[in-house]
Amino acid sequence: MGHPQKQPLHASAQVSPSSEVFHIQDVSKTYHMGEVEVRALQQVTLNLYEGEFVVLLGPSGSGKSTLLNILGGLDLPSSGQVWFRNRNLATATDAMLTRFRRESVGFIFQFYNLIPSLTARENVALVTEIAAHPFSPEEALQRVGLGDRLDHFPAQLSGGEQQRVAIARAIAKRPEVLLCDEPTGALDVQTGKLVLDALAQTNRDLGTTTAVITHNASIAAMADRVISMRSGQIASIHVNETKVSPAELEW
């Protein structure tokens, strides 16, 4: 099924409309908690493009995680359209969303969600065994600097190493999109920089469209574009003409 007629696209200075991966149009999300109505997103329109590194900034409750969950097919909008290439996720069946998440998206969260009884290699293998064209667990772990930790269990790894195993697990299936929710939130500065460097290298080497949620404004300097959110809406979009490497970040 093809696209309906869409609104004109306004690309950033660094990308062209032909490289669009996501197009979300007038997306709203309302949660009902008893008699209370919470408007998590209000009329959000946004494009994400091939190979770009985007940082979503904003305070708690600004709608960042809700937007990320909708992009990743973990949640559906109350209204609006969510296009991933030529597929409208807003009208997709559960089976279609499961396939989309399995084939196209890698998720990284603040807490690593590793299985304690499995080694680093085995945690990554959980994904590679169901992916169509995966990296081997060994290569995925080498890509995040853990080639010498293959047979270590999570309890034998530092927090930063566990998060890098989670990144290896996410990138092992070669996803088109990497969605990261506060990936450095539980880490100290130096460890956080190692994790961000692994994300930046994945984005650079594999061309994976990467979106990182954070409340840490310093991280914005490493992005192609910075999307600031407030009260369920996009407050501003800033294009970084020059990007800073994770090692140069200070917070």
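The values are calculated or read from the model by the stated rules, or taken from the named source; none is laboratory data. Worth saying up front: this structure is predicted, and the values here are computed from it rather than measured. Neighbour counts are summed over all protein chains in view; Cβ atoms, including those assigned to glycine, are modelled from backbone coordinates with ideal geometry.
Specify which of the listed residues (Arg174, Arg230, Arg169) is within 20 Å of Pro137 (Cα to Cα), charged (D, E, K, R), at pLDDT 90 or above and more than 13 Å from the chain's Cα centre (by Cα).
Sole residue among the options that is within 20 Å of Pro137 (Cα to Cα), charged (D, E, K, R), at pLDDT 90 or above and more than 13 Å from the chain's Cα centre (by Cα): Arg169.
Can you pull out the residues in region 211-226 that are of a type in the set (S, T, N, Q) and either surrounded by 21 or more Cβ atoms within 10 Å (Cβ to Cβ) or in contact with a Lys or Arg (Cβ under 8 Å, 6 or more places away or on another chain) (or both)?
Thr214
Please list, ordered by first then second residue, the pairs with beta carbon atoms under 6 Å, 6 or more apart or interchain, first in region 94-111 and without any contact (Cβ under 8 Å) to a residue 12 or more places away in the chain, second assigned to a helix (DSSP H, G or I).
none
Among the residues in region 151-161, are any in contact (Cβ under 8 Å) with a residue 12 or more places away in the chain, within 21 Å of the chain's Cα centre (by Cα) and more than 23 Å from Phe53 (Cα to Cα)?
For region 151-161, residues in contact (Cβ under 8 Å) with a residue 12 or more places away in the chain, within 21 Å of the chain's Cα centre (by Cα) and more than 23 Å from Phe53 (Cα to Cα): present.
Kindly provide the set of residues from region 90-120 that are basic (Lys, Arg) and within 20 Å of Ser78 (Cα to Cα), ordered by number.
Matches in region 90-120: Arg101 only.
May I ask you to list pairs of residues, at least six apart or on different chains, whose Cβ atoms are under 6 Å apart, with the first in region 71-85 being part of a loop (DSSP other than H, G, I, E, B) and the second being among the small types (Gly, Ala, Ser)?
Pro77/Ala90; Ser78/Ser28
Give me a count of the residues in region 87-134 that are of a type in the set (D, E, K, R), modelled with pLDDT under 85 and within 27 Å of Val55 (Cα to Cα). Working first, answer last.
Just the residues of region 87-134 that are of a type in the set (D, E, K, R), to begin with: 87, 94, 99, 101-103, 121-122, 129.
Subset that is modelled with pLDDT under 85: 129.
Right, trim to within 27 Å of Val55 (Cα to Cα) and you get none.
The total comes to 0.
Scan region 228-242 and tell me whether some residue there is aliphatic (A, V, I, L, M), surrounded by fewer than 20 Cβ atoms within 10 Å (Cβ to Cβ) and in contact with a helix residue (DSSP H, G or I) (Cβ under 7 Å, 6 or more places away or on another chain). Talk me through it step by step, then tell me what you get.
Restricting attention to region 228-242, the residues satisfying the condition of being aliphatic (A, V, I, L, M) are 229, 234-235, 237, 239.
From the residues that got through so far, the ones that are surrounded by fewer than 20 Cβ atoms within 10 Å (Cβ to Cβ) too are 235, 237, 239.
With in contact with a helix residue (DSSP H, G or I) (Cβ under 7 Å, 6 or more places away or on another chain) added as a condition, the list becomes none.
Taking every residue of region 228-242 in turn, none turns out to be aliphatic (A, V, I, L, M), surrounded by fewer than 20 Cβ atoms within 10 Å (Cβ to Cβ) and in contact with a helix residue (DSSP H, G or I) (Cβ under 7 Å, 6 or more places away or on another chain).
Looking at (1) touching a Pro at 6+ places or on another chain (Cβ under 9 Å); (2) within 21 Å of Ile213 (Cα to Cα); (3) surrounded by fewer than 18 Cβ atoms within 10 Å (Cβ to Cβ), find the lone condition where Gly61 falls short.
Looking at each condition in turn, Gly61 falls short on (1).
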